[in-house]
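The values are calculated or read from the model by the stated rules, or taken from the named source; none is laboratory data. Note that the structure is a prediction, hence the values are computed from the model and not measured. Cβ: placed from backbone, ideal geometry, glycine included. Neighbour counts: every protein chain shown.
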Amino acid sequence: MRDAHTLYITAGSGNSFKPMLVLRQRGDAGPAEKVRIRSVDVLAGETRSASFLALNPRGQVPFLVTADGKGLGESNAIAWFLSEGTALMPAEPFHRAQALQWMIFEQTALEPNISPARFFSHIVPQLAAEHADDFLRWHRDGCVGLAVLDAHLRQRPFVCDHGYSVADIAVYGYTHLAGEAGFDLADFPAIGVWMARVRAQPGYLGVTPLLSA
């Protein structure tokens, strides 16, 4: 049996950012097992190597291998697992369901649009021209999702009634990177106010220093 979880991440990734921020902000109340961090270079093809595919046949990061050898993929699932037993995880059943609702929303309405637009415009801009039609769809659908989130955040300081939670971290993961994907966040003022609140939380660290530490 291993004596620690192992979390595989990659630099610059909004999805890797989520569980890493949970680890910084969960305090001493998190699971007893320590968490080792292993950085994988996606652009260099390391997630397609035989050794990594043996761990995760889907070849994706983030990916968690638990202390007892179980594998867990998907950024929000990992963030949820690492939040259990901490102040980041709502205890009341409705609040937990509410957190899950917005984490699913993030993965269906925000991440699928912001992430690829950011990847091809900011990380590998040399490939942007090949995705001209995709950018139109990503920005159209992404703005719909951002408008829904903005309307929701006009009514409350954080995503859930619980207060600051794993749901805020999950939704913030790619929302705060939307500017690098060509979205104008000035069009969504309530999101801007909420992002400032997230940045003001104890232990907050931005995506570049957090994933490069």
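General remarks:
- Test result for Val171, farther than 27 Å from Phe63 by Cα, assigned by TED's automatic domain parsing to the domain that holds Pro189, assigned to a helix (DSSP H, G or I) and of a type in the set (Val, Ile, Thr): no
- Residue in region 47-57 that is part of a strand (DSSP E or B), surrounded by 14 or more Cβ atoms within 10 Å (Cβ to Cβ) and among the aliphatic types (A, V, I, L, M) present: no
- Exclusive hit being surrounded by fewer than 20 Cβ atoms within 10 Å (Cβ to Cβ) and either farther than 18 Å from Leu110 by Cβ or among the aliphatic types (A, V, I, L, M) (or both), set Ala181, Ala170, Ala129: Ala129
- Annotation: of all residues in region 1-25 being in a strand (DSSP E or B) and among the hydrophobic types (A, V, I, L, M, F, W, C), the one that is farthest from Glu84 (Cα to Cα) is Ile9.
- Pairs, first modelled with pLDDT of 95 or more and buried (at least 21 other Cβ atoms within 10 Å of the Cβ) in region 78-106, second among the acidic types (Asp, Glu) and not in a helix (DSSP H, G or I), C-beta under 9 Å, six or more apart: Pro90/Asp161
- Checked against the criteria, Leu64 does not count as free of Cβ contacts under 8 Å to residues at least 12 places away in the same chain, in contact with a strand residue (DSSP E or B) (Cβ under 6 Å, 6 or more places away or on another chain) and either crowded, with 18+ Cβ neighbours inside 10 Å or charged (D, E, K, R) (or both).
- Selected residue (only one of Arg137, Arg118 is surrounded by fewer than 17 Cβ atoms within 10 Å (Cβ to Cβ) and under 16 Å from Asp184 (Cα atoms)): Arg137
Here is a yes/no grid of residues against (1) within 19 Å of Pro116 (Cα to Cα); (2) at pLDDT 95 or above; (3) touching a Cys at 6+ places or on another chain (Cβ under 9 Å):
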site: Ala132; (1), (2), (3): yes, no, no
site: Cys160; (1), (2), (3): no, yes, no
site: Ala167; (1), (2), (3): no, yes, yes
site: Ala178; (1), (2), (3): yes, yes, no
site: Asp187; (1), (2), (3): no, yes, yes
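Quick grid of which residues meet (1) over 16 Å from the mean Cα position of the chain (by Cα); (2) farther than 19 Å from Gly163 by Cβ:
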site	(1), (2)
Pro19	no, yes
Ala54	yes, yes
Gln60	no, yes
Gly71	yes, yes
Gln101	no, no
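- Listing of helices (runs of 4 or more DSSP H) fully contained in region 59-161 that carry 2 or more residues being over 30 Å from Ala4 (Cα atoms) and hydrophobic (A, V, I, L, M, F, W, C): 93-105, 111-118, 132-153
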